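Reading through the structure tokens given below for one structure.
The values are calculated or read from the model by the stated rules, or taken from the named source; none is laboratory data. Everything quoted here is computed from the prediction, not taken from an experiment. FYI the Cβ positions are ideal-geometry reconstructions off the backbone, even for glycines, and counts take in every protein chain you see.
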Amino acid sequence: MNSRKQLIDSLLNELTLDEKIDMVHGTGAFHTGGIDRLQIPPLVMSDGPMGVRKQFTDKTWIPCGKEDDYVTYLISNTALASTWSKEASYKAGEVLGAEARGRGKDVILAPGINVQRYPLCGRNFEYMSEDTCLISEMVVPFVKGVQTQDVAACVKHFALNAQEYCRMDVKTFCSKRALYEMYLPHFYASIKEGNAYSIMGAYNKFNEEQCCESKALLKDILRDEWNYDGVVISDWGGIHHTENAYHATMDIDMSVSQDFDNYYYANPLKEKIQNGELSVDNLNESVRRILEMMYELKMIGQQKEERKAGHFNSHESQQAVLSAGQEAIVLLKNDEKHLPLNKKNLKKVAVIGQNAIRKHSNGGGSAEVKALYEITPLLGLKMRLGGNTEILFGEGHDLPTDTESYRAQNEVASWQTSSVDIYEMRIQRFIKSKTSGIIDDDFVAWNDEKANEALQMARECEEVIFFAGIDHDIESEGIDRLSLKLPYNQDRLLNEIVKVNQNVTVVVLSGSPVVLGEWKNHVKSILWHSYLGSEGGLAVADVILGNVNPSGKLPMTFPLAEKDHPSVEMGEYKWDENELYFREDIFVGYRYFDKKNKEVLYPFGYGLSYTKFEYSDLQINDRGENVDILLTVKNTGDMDGADVVQIYSELVEVDEAFKELPYCVRELKAFDKLFLKKGESKHITMTVDKKQTFRFFDEEAHAYRLLSGQYRISAGHSSRELVCSAMIEIGSDQ
Ligand code: BGC
């Protein structure tokens, strides 16, 4: 018998019912109970995806307010996905794991991997992409990176978490096919390939059941179909009934209230076991899984001494965040090769917009971070430009004062403790604007004085750099956005600025799609920045000044208008009944725009570079189980840089048997990021698994099957710019 099994069996033997109960529920805001006499420590958890959250007092959501919990602020999950770099994802995971361990945590409640289905979802920045292939490829290295540090990743939120409005009880309905093709594969990859030790249930309902109590999701799919033997943790307050969660094999009940003994898995579970209503078997299984995870994390057993200590705010973490941030920036427009700006010629620059000086780390909900520092774009530009360039700064517009960040300036509370009334007010505004159709999405009045000052600066300077976009008062856990439009009268101000200056660069900050005003046709350059962490200001300065060649690609489609989006045009939301139907089915994100042949603002996978990359000689090598895709990539421009080669499949002729089956026009199947010096070329090979790549989910057979027919495999610069291709025939598996 191996020592792990021996140890765990003997602990299970010794543990009393009370002790087991302590191990499966929160006995503090962020930990379960430890059993001193058996040297089983409590399991200590922390948010979240953008860095290790500040320290709370043991039993409350009140921050300790000490000086010892400042950390590195990581780039958002959306930004990470925008790098399309598996190496950057691994590195980000490693940093998050090291910082979590450094702060004494065992489980880090990250990454968020729900599909960005709805462009106005307040938590999109915590999620990676609208595409399951991109999420799968990025989440696996991330989880591995975290877990090298003896910390468990906790992928969240399982499953179909797509919007914040009515988040605790909205019923989500989606076809089995869409579930298995679009919403589950990345969760599957995170636990099968990434080996995520834990997973978090979602707040929403799956059909009629709470996800945290869903037998269909947790027992039938996760445990029985996928054989998952890791730890399932509830979202905080996601369990509503003891029996349901228990039968569904939920392992740990966490919540937001302080009556820890009354948690569903505390006294209520104990009583039901004692009076024979529930068998103790599931509890034993949960405790076994928790102990196994603890063993892997070196929390118990002889290897305790070898557990990594971690570290936070190390130079290494900061460098990793800078380089990921640089790679995440997406160049959306660059007329006349306006960027990069030449530092030597820059004598006087106008920097405009609140986002030039705004810090974003302390907002967003549970993803808030108490950052050791956050370099704003204005500071970053000054640090990189030095003293020979004069920079004028103007706010240009007001910001609302009835918000979370306005309060957070005093650092008196956590998001949970202070947000209730603000969010209630904003939810009422949300409902009002949705039901009346009158949307107050500017939030503040036009400020003549600030606008005129900005315009005057724009007249005086050779260059204008406008830091536009949204922030965590608009994009946050707990509330969806009101519209895709930029708030705070930014469109109006930019429309004025382009009349007085020809050299305008706009940096748009957001973790989800936005629509841009008329000014977009008159500015020279547009960059997209999706919350870039502690070093964000430097990362963006580096791209603007050409120290780094941009290589980010959009992980989601930017539509021309909200109504064009599948989740809005096709999705159906019943306001009065809290029911959300994913009627666009498998046509999520770009799959829908392509099917309808709709014009978009920027397509999925889009992003420019300061150099040019050419693809040639695409060949396919069908090796039976696997298919190799080979091609040559050449940097034909005049600057070194990184490129993301995207591989899409298109089913051009479907076999007779599937003539009636709806299928997507094109789908991302693989990608690779590589760095090429100017003039350099490389031959690359990407390998895909045939069964996973050319499949559909057959609802009747309840199984994936090959979707046989003739496929075109193309390499492209985006989902709408495919440049070379070859054909492959996929036979039937019947
Ligand atoms: C969020 C989770 C988070 C948890 C703990 C919940 O409100 O949905 O993502 O991990 O709180 O803070």
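Worth a mention:
- Lone unmet requirement of (1) over 20 Å from Cys724 (Cα atoms); (2) among the β-branched types (Val, Ile, Thr); (3) out of contact with any helix residue (DSSP H, G or I) (no Cβ under 9 Å at 6 or more places or on another chain) for Val633: (1)
- Close contacts from segment 253-265, counting a first residue that is at positive phi and of a type in the set (A, V, I, L, M) and a second that is within 16 Å of the ligand (Cβ to nearest atom) and not in a loop (DSSP other than H, G, I, E, B), with Cβ to Cβ under 9 Å and a gap of 6+ residues or different chains, come to none at all.
- Complete set of residues in segment 659-709 that are surrounded by 18 or more Cβ atoms within 10 Å (Cβ to Cβ) and over 29 Å from the mean Cα position of the chain (by Cα): Leu706, Leu707, Ser708, Gly709
- Scanning segment 432-459 for residues that are farther than 26 Å from Trp528 by Cα and touching a residue at least 24 places away in the same chain (Cβ under 8 Å) returns Ser433, Lys434, Thr435.
- Figure legend. Inter-residue proximity from segment 161-180: first residues under 17 Å from Arg426 (Cβ atoms) and within 13 Å of the ligand (Cβ to nearest atom), second residues in a loop (DSSP other than H, G, I, E, B) and not basic (Lys, Arg), beta-carbon distance below 6 Å, spacing 6+ or different chains. Indicated pairs: Gln163/Tyr118; Gln163/Cys121; Gln163/Asp480; Glu164/Gly122; Glu164/Gly478; Glu164/Asp480; Arg167/Tyr203; Met168/Tyr203.
- Within segment 355-382, considering residues that are under 29 Å from the mean Cα position of the chain (by Cα) and part of a helix (DSSP H, G or I), the one nearest to the ligand (Cβ to nearest atom): Asn355
- Residues located in segment 197-247, provided they are farther than 14 Å from Leu184 by Cα, assigned to a helix (DSSP H, G or I) and more than 12 Å from the ligand (Cβ to nearest atom): Glu213, Lys215, Lys219, Asp224, Thr242, Glu243, Asn244, Ala245, Tyr246, His247
- Subset of segment 181-196 [more than 16 Å from the ligand (Cβ to nearest atom), not in a loop (DSSP other than H, G, I, E, B) and not aliphatic (A, V, I, L, M)]: Glu181, Tyr183, Pro185, His186, Tyr188, Lys192
- Note on segment 291-321: among residues that are in contact (Cβ under 8 Å) with a residue 40 or more places away in the chain and polar (S, T, N, Q), the one that is surrounded by the most Cβ atoms within 10 Å (Cβ to Cβ) is Ser317.
- Taking the criterion of being buried (at least 24 other Cβ atoms within 10 Å of the Cβ), more than 23 Å from His315 (Cα to Cα) and among the charged types (D, E, K, R), the only residue of segment 526-567 that qualifies is Lys553.
- Complete set of residues in segment 72-120 that are in a loop (DSSP other than H, G, I, E, B) and of a type in the set (A, V, I, L, M): Leu74, Ile75, Leu109, Ala110, Ile113, Val115, Leu120
- Here segment 248-263 is the region considered, the condition is being of a type in the set (A, V, I, L, M, F, W, C) and closer than 19 Å to Ser190 by Cβ, and the residue that is nearest to the ligand (Cβ to nearest atom) is Ile252.
- Of the residues making up segment 53-68, those that are under 15 Å from Leu372 (Cβ atoms) and more than 12 Å from the ligand (Cβ to nearest atom) are Gln55, Lys66, Glu67, Asp68.
- Condition met for Asp585 (part of a loop (DSSP other than H, G, I, E, B) and either over 22 Å from the mean Cα position of the chain (by Cα) or farther than 30 Å from Lys677 by Cβ (or both)): yes
- Cβ pairs under 6 Å, 6+ apart, first in segment 652-679 and without any contact (Cβ under 8 Å) to a residue 40 or more places away in the chain, second in a strand (DSSP E or B) and not hydroxyl-bearing (Ser, Thr, Tyr): Asp672/Val645; Asp672/Ile684; Asp672/Met686; Phe675/Ala642
- Residue match in segment 70-88 (condition: more than 30 Å from Asp672 (Cα to Cα), at pLDDT below 95 and not charged (D, E, K, R)): no
- From the options Ile239, Ile221, residue that is within 26 Å of Gly478 (Cβ to Cβ) and of a type in the set (Val, Ile, Thr): Ile239
- So Ile329, is it at pLDDT 95 or above, crowded, with 23+ Cβ neighbours inside 10 Å and of a type outside the set (D, E, K, R): yes
- Summed over segment 517-552, residues that are part of a strand (DSSP E or B) and of a type in the set (S, T, N, Q) total 1.
- Leu545 vs. criteria more than 27 Å from Lys434 (Cβ to Cβ) and under 22 Å from the mean Cα position of the chain (by Cα): no
- No other residue among Asp261, Asp251, Asp235 is of a type outside the set (A, V, I, L, M, F, W, C) and closer than 19 Å to Asp169 by Cβ apart from Asp235.
- Check on Glu569, touching a Phe, Trp or Tyr at 6+ places or on another chain (Cβ under 9 Å) and either under 19 Å from Thr172 (Cα atoms) or polar (S, T, N, Q) (or both): yes
- Unique match (being closer than 17 Å to Leu527 by Cα, of a type outside the set (A, V, I, L, M, F, W, C), part of a helix (DSSP H, G or I) and in contact with a helix residue (DSSP H, G or I) (Cβ under 6 Å, 6 or more places away or on another chain)) among Glu336, Glu327: Glu327
- Within the set Leu74, Leu80, the sole residue that is closer than 28 Å to Tyr592 by Cβ and aliphatic (A, V, I, L, M) turns out to be Leu80.
- Any chance Glu650 is among the acidic types (Asp, Glu) and farther than 19 Å from Ala726 by Cα: no
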